[in-house]
Structure formats: structure tokens, C-alpha cells
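A quick write-up on the structure given underneath.
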Amino acid sequence: MTGTYQSVSVVGLGKLGLSLAGCLAERGFDTLGIDIEERVVNLVNQGRAPWFEPGLDDLLARNAGKRLRATTEHARAIEETDVTIVLVATPSNLDGTFSNRFIEAALRSLAEAFGRSGKPYHSFVISSTVMPGSTGESFIPIIEAHSGRKLHQHFSVCYDPDFVALGNTIKGFLEPDLVLIGQTDPDAGARMKELHHRLCKNAPAISCMSIVNAELGKVCLNAYITTKISFANSIANLCEHIPGADVDSITRAIGADRRISPHYFQGGLSYGGTCFPRDTQAYTALARQYGVQAELMNATVKVNSLQDEHLADIVLRELAGVSNKTVAMLGLAFTSGTPVITESAAIKLIRALLDQDLRILAFDPLATDNARAHFGSALEYVDSPAHGLMESGLAVLTLRNSAIKDAVETFCPKSTLTVIDAWRILDPTRLHQRIRYVGIGQNTESRPAKACPTSSRS
Ligand SMILES: NC(=O)c1ccc[n+]([C@@H]2O[C@H](COP(=O)([O-])OP(=O)(O)OC[C@H]3O[C@@H](n4cnc5c(N)ncnc54)[C@H](O)[C@@H]3O)[C@@H](O)[C@H]2O)c1
């Protein structure tokens, strides 16, 4: 095949795939989304987002029924589009490797449709996170076996992983720092490069390489970021023991060095979510498969889990000096801007506090329903940070969220309240004098602060 792609299909309209499909449509591609979930397909066709992701509702409302259509029929990807991007889930196996079963099922459906069609050529792109080696060992043989067609002659395959973060997926697709394209032949890689040039609003670094190097690159990038997070957390923990030390002063300053960079270098909570913890496990599983030591990755994972214990220790230590043992958890999601609670530091802390039979008032701007589905009536769910603060002796802030920050900074407690600020978003000088401030990664004593502006709030 020659020329650029005009029409694109995205198989898997999940947390990533739907954002990608919306972005492709927004940037002018005739886009067909495919998912096995009829509910998702129907909502997309109505221009409605099935879950919250910043900007997704608007993207779908603008493009659905025009440049974006959705279906449950895989055959339409072959019939109606030039290239098919497979972005389905790759759940973790017990040994930490990723399972390819959803990709393989999707490829079987696509390949059978390709075999039945009279279409001379089709381009396949895998975008899900996979164990290195998967494309060559499994995906290409599946397409050949189920279509009766030959790689190079009838189809191409690329591996094009995503580096976007939940809560920021649309910007992540439209303005990535980098794009990796694993290619089976230079023409297929060049067409994907052209697709990214058109999709991206910025000019990312695009690297074309062999398939296996792109598969490895995806796992290695997240392995590096998690190591950086664990390093920042190690600095934060050290700071807590050294009078006057403050992790932000250090990471902000040394993060200005280009060899380090300030991103994901703050110190506070463990990393979580649907990606980082799984990707680190996959990296160690990969090393194990090849008999290679992965001591650095092992240390990263261990530091991450110690950070959860560390947070629980701080909360329990502070609670020991508080008479009202009710805890307000302000933030439940694993990061800001998403309802996802998978591997969230807040959720792990809640489990530790429930083990101590503590009463917990939980607030999150987006994740309350997911937390309720997980914890049921073990928690009490409040509709505002202020409601949580009013009934608690201690509050834990786990999100970088301006509404939570404002609520705490304007709150006038009736009795002493301890606030533990994981990301140090609060300005301690703006806090009421009855609030004892504890910043993770800082060695500070509680400071005298402002009084209530009106007596009615004291
Ligand atoms: N979530 C993240 O932050 C993130 C970031 C980078 C990469 N990734 C990787 O991207 C991939 C997708 O992740 P996600 O979070 O979007 O997953 P998800 O679970 O949110 O979505 C997967 C979607 O695929 C659909 N699906 C499953 N089998 C299908 C089939 N045969 N045909 C069509 N649709 C099918 C499901 O119904 C679901 O809607 C994974 O490999 C993940 O590791 C995720």
C-alpha cells in the first residue's frame, strides 16, 4: 500500500482507545471505533462519554455521527478503513507478564474478516502494552493463520505504544513528547509517522525502530518513571528526619537540571493506577524470563510499597495525639482528574485504617462511585471536603485539587484538626490556628496561622 491513511479504525474503546478515536476524528481522520461492549458503542454513537475523562465529552459531542462512528462489528474495520489500531486491555497474569488474550481474540476476528474480504492489503497496528516479543511470536502468526494472507505481501504490522496518563489522555495523544513506531517494513513505519504528524498538535520526537525495540521501549519508559518517583519518595522520607528539610525545595531545584527534569519528581505518595504498578511487574517478569537481574526495578517496587506503609505510619502516629479519631480522606483516585482508584495510595491507606476500626469520611470529586463499589458501607461518603473536615480530627489530602485546597484553607474548625498534606498543596500560613499542618516530605513543626475572618466561623 502507498499513500497516507485517510480512514482509521480503533479496536477497543476503553479508557485509552476512546480518547484516541476521539482525537483522530477531531484531527480530521474518518474514524471507526470498535468495541465488544454494546453499551459503550451506543453511547459513543450518541456523542456521550461512558466515563469521565477531561475533555472527552466535548470531543465526542463534536465528532460523533460525523467523523467518528462506532460499531461492534470487526469486519467493518477491514471493509471501511485503511489501518486498524488495536488498543484493548492486556490484564496482568499472576507472574506479572501481560496477557495477550484480548488482543489475540480481536486479531482473530479482524484476520478472518480480512481473509473473507477481497481487499488486497490492510495495515494493522498494535498499541496495547505487551510483553516484548509478542508481535513477532504471536500477533503476526495469528493474522497470517486466520486470514490466509502473508505479511509484507498483503498486510503490514506496526507496534505503536501509548505513553499517555489517565486524567490527561487527550492532551497526551495530541501533544506527546515522543512517539515510538515499531515497524515490519519502512513504508508501514513511514505511514504511521505521517499519521502522528497529522494527529499531533506539537512536533514530538518520532523514532522508527524494530518491533521488539518499540515493545521494549514502552516497558522501559514506565520502568524509568517509576524509578524516578521512588527516588523522589526516598528524598522525601529523608527530609522528614532532617530539621528544616523540605523535599520541594530540593526536587524543584535539581529538577531544573535537564538530566533530571521536574516531571514525576515530587515526592509524596506511591505511584498507582492501571499502568505503572503492572509495568514494573512486567519488567521484572521479563528480566526473570531471560535470567537477568532486575535489582533496580525490584528496589523501585519495594520503595513504592514502603511508601504506602510510611503514609499509614504517619497517619496512625498523628492520630495517637488526636482525641477525635474520625479521619477525613480527601481524595480517593490514584491521581487527579480521573475516577480510577486502581492501586491508589488513598485506597491502600483506607484499608490500613479500616484494619484499625477507624471511622472514615471519604470525599473525591470524581471517584466516589468507584470507592463505594469497592468499600460499600465500610466508609461514609461525604459530598464536600468541608463536610468531611467538620466531623473529623484528622484529614488526609491525597490529590492535587484546587477545590480541596480552598476548602481546607478556608475551614475554621471547632476543635483541633490535624491535616496531612501528601503533595503539599496547602499554604500553611493560610490555615486556621486550630489546624496542625503535617506536610509529607517536610521537617516542620505546626506553625501558628491565621485566625478566622469572622467570629461566626470560629
Ligand atoms: N490506562 C492507562 O493509563 C494506560 C496507559 C498506557 C497504555 N495502556 C495500555 O493500553 C491498553 C488499553 O488500556 P485501557 O486502560 O484503555 O483498557 P480498558 O480496559 O479501559 O479498555 C479496553 C477495551 O477493549 C475492549 N475489548 C476487549 N476485547 C475486545 C475485542 N476483542 N474487540 C473489541 N474491543 C475489545 C473492552 O470492551 C474495553 O472497552 C492496555 O494494554 C494498557 O496496558 C494503558
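Taken together, the values in this text are just the output of simple stated rules run on the coordinates, not laboratory data. Given the structure is predicted, the values throughout are model-derived calculations rather than measurements. Positions of Cβ are backbone-derived with ideal geometry, glycine not excepted, and every protein chain shown enters the neighbour counts.
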Checklist entry - What residue, of LEU178, LEU166, LEU151, is under 30 Å from SER344 (Cβ atoms) and surrounded by fewer than 20 Cβ atoms within 10 Å (Cβ to Cβ)? => result LEU178
Checklist entry - Which ones in region 1-28 are over 15 Å from THR72 (Cα atoms) and crowded, with 24+ Cβ neighbours inside 10 Å? => result VAL8, LEU16, SER19, LEU20, GLY22, CYS23, LEU24, ALA25
Checklist entry - Which one is surrounded by the most Cβ atoms within 10 Å (Cβ to Cβ) among residues in region 130-142 that are in contact with a strand residue (DSSP E or B) (Cβ under 6 Å, 6 or more places away or on another chain) and β-branched (Val, Ile, Thr)? => result THR135
Checklist outcome for this item: How many residues of region 220-259 are surrounded by fewer than 18 Cβ atoms within 10 Å (Cβ to Cβ), among the aliphatic types (A, V, I, L, M) and free of Cβ contacts under 8 Å to residues at least 24 places away in the same chain? The answer is 4
Item to check | Residue that is nearest to the ligand (Cβ to nearest atom), among those in region 44-60 that are within 23 Å of the chain's Cα centre (by Cα) and outside any loop (DSSP other than H, G, I, E, B) | outcome: VAL44
Next on the checklist: Criterion first (near the ligand (Cβ under 9 Å from one of its atoms) and acidic (Asp, Glu)) does ASP95 satisfy it?
Outcome noted: no
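Matching residues to (1) within 10 Å of the ligand (Cβ to nearest atom); (2) among the hydroxyl-bearing types (Ser, Thr, Tyr); (3) touching a residue at least 40 places away in the same chain (Cβ under 8 Å):
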position	(1), (2), (3)
GLY65	no, no, no
HIS74	yes, no, yes
THR84	no, yes, yes
SER99	yes, yes, no
Checklist entry - Could you give every pair whose Cβ atoms fall below 7 Å, whose first residue belongs to region 324-346 and is at positive phi and surrounded by fewer than 24 Cβ atoms within 10 Å (Cβ to Cβ), and whose second residue is not hydrophobic (A, V, I, L, M, F, W, C) and not in a strand (DSSP E or B), counting only separations of at least 6 or pairs across chains? => result GLY337/PRO54; GLY337/GLY167; GLY337/ASN168; GLU343/GLY272; GLU343/GLY273; GLU343/PRO277
Next on the checklist: Kindly evaluate ALA299 against the criterion of being surrounded by 14 or more Cβ atoms within 10 Å (Cβ to Cβ), in contact (Cβ under 8 Å) with a residue 12 or more places away in the chain and within 26 Å of CYS220 (Cα to Cα).
Outcome noted: yes
Next on the checklist: Step by step: first the residues of region 1-43, then only those that are in a helix (DSSP H, G or I), within 9 Å of the ligand (Cβ to nearest atom) and without any contact (Cβ under 8 Å) to a residue 60 or more places away in the chain, then the one that is farthest from PHE124 (Cα to Cα). Which residue is that?
Outcome noted: VAL40
Checklist entry - Would you pick out the residues in region 388-428 that are outside any loop (DSSP other than H, G, I, E, B) and out of contact with any strand residue (DSSP E or B) (no Cβ under 7 Å at 6 or more places or on another chain)? => result MET390, SER402, ALA403, LYS405, ASP406, ALA407, GLU409
Checklist outcome for this item: Across (1) within 21 Å of PHE173 (Cα to Cα); (2) touching a strand residue (DSSP E or B) at 6+ places or on another chain (Cβ under 7 Å), ASP58 clears everything bar (2)
